[in-house]
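Since every read-out is calculated from the coordinates, none of them should be taken as a lab result. Quantities reported herein were computed from a predicted structural model and do not represent experimental measurements. Neighbour counts are summed over all protein chains in view; Cβ atoms, including those assigned to glycine, are modelled from backbone coordinates with ideal geometry.
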Amino acid sequence: MTTVGEVEKDAVIGGKRIVDVHHHVFPQALVQAYRQRDSAPRMTEVPGLRGIRLPNGAMGTGESLDMGPGMQSPLSEELLDPELHLRDMDRGGIDLAVLSVSAPSIDALDTADAVVVARECNDELAELVRRYPDRFAATAVVPLRSADGGVSELERAVNLGLRGVGVLSNVDGLHLADECFQDLFAAAAQLDVPFVLHPTTPVHAAEVDDYALLVMIGFHMDTTACALRLVFSGMFERHPDLKFVLPHMGAVLPFILGRLDHEAEIKFPLLDPPVTLSSSPSEQIRRFYLDTACLWRPAVEMGVSIFGAEHMMVGTDYPYWTIEPSLALAEETDLTPDQRTLISHGTADRVFGLGSPVTA
């Protein structure tokens, strides 16, 4: 078994230790909270899925997470059972997974409930890391609408040993760049822990609620809009050393950097108030970190050429996607040995502080 900072067996990417930074888990506290709800997001019974192998290879539990029109997600045993994570990590070649709670997290819960459930989820995640310190790290969930914007829970979670904070691309319809969340950004910057973004139901979901477009492109639209709002509102101006991880190879961003620079030069001076940045949008966007969960080699190659391997990390989106295709993609991509080392674990070790203690 491979421990943080050691290599005891060959992994897929050129014999390097593999850290997966896009790896989902569903704490029991969150499952119970959804079961008690009468409206989305909520758990619904789907007995026909119990014990059935789902199209993504996971095993159905007989429940489904209802997130509203176009967003029905079967709950799998793999989301709930850490032993199944370890089984599939061993089969696929993942040495360590950075766990995060995927959409819809706790953002749709009433504020008082979100505060309680966040604590319970983070306690579960911290206990899981304590049980398997050489296989799991984790990011915290925080009640963004609490009185302090989740700052106290982030500090508590970091003291428990969690390695960052997971956030969604909108907070139940509210933009993450809103002023009310700025104290949390300041706290994360001071604690030197990263944000890890995950898409959720887009603000304009009705535009993409058929043909599975919500997941195919809606997630990318919301991720892209969220990231741009953060940049244009001055996130990196206020916190130049803040670490922020975008999923799915940065969604649409790598493809539109030239357009962003050109339009910003024309349009930003005309806005009221005008937007002023100390560097071009494309330069600021290059401060984001990306994971490789995309299953498209040209996108990975573009990411390396634009962001550099020092800003890229392995991501599998397990268990919604299986592990092997993502690692095979990284293996097939034309990379130098140094780039492989960075993408397989070097960047993740630095961003998440793996192998070193983290305290508030």
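Key figures
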{"read-out": "Some residue of the stretch 296-316 being under 18 Å from the mean Cα position of the chain (by Cα) and at positive phi", "value": "no"}
{"read-out": "Filtered residue count, the stretch 218-254, keeping only those that are part of a helix (DSSP H, G or I) and either touching a strand residue (DSSP E or B) at 6+ places or on another chain (Cβ under 9 Å) or buried (at least 17 other Cβ atoms within 10 Å of the Cβ) (or both)", "value": "22"}
{"read-out": "Selected residue (criterion: surrounded by the most Cβ atoms within 10 Å (Cβ to Cβ)) from residues of the stretch 108-139 that are assigned to a loop (DSSP other than H, G, I, E, B) and of a type outside the set (A, V, I, L, M)", "value": "Thr139"}
{"read-out": "Residues satisfying the stated conditions in the stretch 61-107, i.e. closer than 16 Å to Thr322 by Cβ, of a type in the set (A, V, I, L, M, F, W, C) and assigned to a strand (DSSP E or B)", "value": "Ala97"}
{"read-out": "Selection within the stretch 140-156 - crowded, with 23+ Cβ neighbours inside 10 Å and of a type in the set (D, E, K, R)", "value": "Glu153"}
{"read-out": "The stretch 311-320, subset in contact (Cβ under 8 Å) with a residue 60 or more places away in the chain and not in a loop (DSSP other than H, G, I, E, B), residue nearest to Ile256 (Cα to Cα)", "value": "Met313"}
{"read-out": "Looking only at the stretch 40-60, and only at residues there that are assigned to a loop (DSSP other than H, G, I, E, B) and β-branched (Val, Ile, Thr), the one that is nearest to Ala108 (Cα to Cα)", "value": "Val46"}
{"read-out": "Failed item, numbered, when His175 is tested on (1) of a type outside the set (Asp, Glu); (2) closer than 18 Å to Asp222 by Cα; (3) without any contact (Cβ under 8 Å) to a residue 24 or more places away in the chain", "value": "(3)"}
{"read-out": "Selection count where residues are within 23 Å of Val196 (Cα to Cα), β-branched (Val, Ile, Thr) and part of a loop (DSSP other than H, G, I, E, B), scope the stretch 267-310", "value": "1"}
{"read-out": "Some residue of the stretch 77-100 being of a type in the set (S, T, N, Q), touching a helix residue (DSSP H, G or I) at 6+ places or on another chain (Cβ under 7 Å), touching a residue at least 40 places away in the same chain (Cβ under 8 Å) and under 21 Å from Ser152 (Cα atoms)", "value": "no"}
{"read-out": "Checking His23 against (1) under 23 Å from His345 (Cα atoms); (2) outside any strand (DSSP E or B), the condition it does not meet", "value": "(2)"}
{"read-out": "Unmet requirement for Arg163, which otherwise passes all of (1) touching a helix residue (DSSP H, G or I) at 6+ places or on another chain (Cβ under 6 Å); (2) touching a residue at least 60 places away in the same chain (Cβ under 8 Å); (3) assigned to a helix (DSSP H, G or I)", "value": "(3)"}
{"read-out": "Residue that is closer than 25 Å to Arg286 by Cα, out of contact with any Asp or Glu (no Cβ under 8 Å at 6 or more places or on another chain) and not in a loop (DSSP other than H, G, I, E, B), where the choices are Leu329, Leu335, Leu354, Leu342", "value": "Leu329"}
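So that you can scan it fast, the table gives a plain yes or no per residue for (1) acidic (Asp, Glu); (2) closer than 30 Å to Asp20 by Cα; (3) touching a helix residue (DSSP H, G or I) at 6+ places or on another chain (Cβ under 6 Å):
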{"position": "Val231", "(1), (2), (3)": "no, yes, yes"}
{"position": "Met235", "(1), (2), (3)": "no, yes, no"}
{"position": "Asp261", "(1), (2), (3)": "yes, no, yes"}
{"position": "Pro281", "(1), (2), (3)": "no, yes, yes"}
{"position": "Gln284", "(1), (2), (3)": "no, yes, yes"}
